[in-house]
């Protein structure tokens, strides 16, 4: 396959995954067609992961822009059939828990999320992914602004 994850997208998503693995609840948008084909996006803002944003997301790019086959592979990987699923994720001790509302979980979500994070984004701290189907009241709340979001400067005391 001659398509890879865009490096800017990968860096941005790794930051969000690290925060989620430290116990912070984050929104996610997931559109998976199989265990190895789909899109995943994490954010603290629900508008970044709404269904339309996930559909329009193009995380894959051609390795060589001059080669037509590479462009076709990237386009094929960015085109995923099916409606996006939204939810909240939170992790600890190497386990990323993906919370869906009851009845809205995708059957391939567990395998795809693990594949996408460990193989495509190359983030190895996620050892296991668990799917949790819960009522709306049992899904963790997401804080949009957290002190951990701001970068630490050298002159901070």
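FYI, it's all coordinate maths here, none of it is from the lab. Here the structure is a predicted model, which means the values were calculated and not measured. Glycine gets a Cβ as well: all are built from the backbone with ideal geometry, and neighbour counts include every protein chain shown.
Just a few scattered comments:
- Comparing mean-square fluctuations of 90, 61, 11 from a GNM of the chain with C-alpha springs under 10 Å, the top value falls on 11.
- Label separation (residue 69 vs residue 35): 2.6 nm, computed from points 7 Å beyond Cα along the C-beta direction.
- Most fluctuating residue given options 111, 18, 127, as computed from a GNM of the chain linking Cα atoms under 10 Å: 127
- Fraction of antiparallel bridges per DSSP, the chain only, in percent to nearest 5: 75
- Computed extension gain for residue 119 through residue 137, at 0.36 nm per residue and net of the alpha carbon distance, reaches 3.2 nm.
- The simple spin-label model puts a point 7 Å past each Cα toward its Cβ; for residue 93 and residue 79 those points are separated by 4.5 nm.
- Note on the chain: GNM, Cα springs under 10 Å; of 138, 33, 13, the largest mean-square fluctuation is that of 138.
- Listed candidates (i) 10.7; (ii) 10.1; (iii) 11.2 - label of the one calculated as mean projected area of the Cα convex hull in nm²: (i)
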